[in-house]
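The values are calculated or read from the model by the stated rules, or taken from the named source; none is laboratory data. Remember, predicted model here, so these are calculated numbers, not experimental data. Here the Cβ positions follow ideal geometry from the backbone for every residue, glycine too, while neighbour counts run over all protein chains shown. The protein model used for the area step is the full one, side chains on, heavy atoms only, and it has no ligands, DNA or RNA in it. Shrake-Rupley method; radii C 1.70, N 1.55, O 1.52, S 1.80 Å.
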Amino acid sequence: MKTNIDLVGDTDSFPYATTSPESFKKWQDSLYTLLWEDEDGEYPIGHVPSRVFQELLRVPVRIKGEMDFNETKRTIKLFQLPTEEERTAKVSALSTYWREKQTFKLLKGWRDEPWPVYSRKGELLFSMERAALGLLGAMRYGVHMIAYVNDPSAPYGIKIWTPKRAANKSTFPSMLDNTVAGGLMTGEDPFECIVREADEEASLPESLVRSKATCVGTITYIYVTEEQHIGEDGFIYPECQWVYHLELPNNVIPKPKDGEVEEFRLDDVDQVKRDLADGQYKSNCAICILDFFIRRGILTEENEPRLAEIQQRIHRDISFPGPHQSQWQQKA
């Protein structure tokens, strides 16, 4: 049976220097830092595993472009080209090269979805295929929405619409999910993404989502991939998810549409708690549920002594630039 802090650890699984210094150092010694350089100097934008670095050394320069690296400092600089268009083209050439050669199992989940990588000044540095972005360990963005109905007869007065992922999903097949979730493609606004995904995954009316869905904030964490769920171990996924809540009327029932969901069911809170403890939920969906429970007063200091740690770890400080940073959110 998993505790709430176990669920957090399943998602925020990259060690902390303060609490696990030996594990943190072991990981740091196995990674290269992907740097970006501008007129003010260099700064990190990704965590590259050693095996990706070794493969980069084998890729012809005509494919990957010029690469500067320092094996002592364990740093890499790539794609330092003048325009975003040129950089994205070079990134695409590298990803496609690896896909055609079947270098990494991660690329079996190719989606034809471009995901963004940002500079510290807010510019789009380049876009990269969703399945390939994990090879560079750059920031990943998405949206999650929990839809619920009020039911005075149910525990805590609510029930939650819970989807079961399709058995043929490339990641986390047949596991439980949040009502609606998806990745944020380049140029896509989080709210527009949740509106799109709500239609594609759950057949929810656009007008209802636009008028009733509420953004309650973000969750951030650093996930280390596992072969059983992702297809390959040991890739670093720093992630930010925009979280939405939606109260649905009783006569609106989510229905599968695009094949990513096998079924929807309406669960009371006690059932959701049991499924969390049994490890039935996709890991980052589990922490969205914990965030929901905290906001609804279901999870409190009285019944969860490690509440402060949970809150800190699902809002992890991630140094890479991007819209997860507080200064970006203030501008938005």
Subject >> lysines with Cα under 19 Å of residue 73, excluding same-chain neighbours fewer than 8 positions away >> reply: 25, 26
Subject >> Accessible area (Å², 1.4 Å probe, nearest 10) - residue 68 >> reply: 90
Original post:
What's the longest bit of the chain with no exposed trypsin sites (Lys or Arg not before Pro), using DSSP loop states and at most 12 other Cβ atoms within 10 Å as the test?
Top reply: 122-332
Subject >> Total charge dipole magnitude, segment 218-278, about the Cα centre, Cβ charges on Lys, Arg, Asp, Glu only, Debye to nearest 20 >> reply: 320
**OP:** Straight distance only, please: which lysines reach the Cα of residue 121 with their own Cα at less than 17 Å, same-chain residues fewer than 8 apart left out?
**Re:** 331
Original post:
In the chain, what percentage of the DSSP-assigned beta bridges are antiparallel, given to the nearest 5?
Top reply: 75
Original post:
How about segment 60-122: which GluC sites (Glu not before Pro) there are in a DSSP loop, with at most 16 other Cβ atoms within 10 Å of their Cβ?
Top reply: 66, 71
Subject >> Test item: Cα-centred dipole of the chain, Lys/Arg +1 and Asp/Glu -1 on Cβ, debye >> reply: 440
Original post:
When we measure straight from the Cα of residue 255, which lysines land under 17 angstrom away, once same-chain ones fewer than 8 places off are left out?
Top reply: 159, 164
Original post:
Within segment 150-308, what percent of beta bridges assigned by DSSP are antiparallel, to the nearest 5?
Top reply: 95
Original post:
What ranking of 61, 143 comes out by heavy-atom accessible area, probe 1.4 Å, highest first?
Top reply: 61, 143
Subject >> Size of charge dipole - segment 234-332 - debye, nearest 20, with Cβ of Lys, Arg +1 and Asp, Glu -1, no other charges >> reply: 320
Subject >> Cα centroid separation - segment 85-115 against segment 1-73, whole Å >> reply: 19
Subject >> Expected 222 nm ellipticity per residue - DSSP helices of 4 or more, -39500 (n - 2.57), all of the chain, to 500 >> reply: -9000 deg cm²/dmol
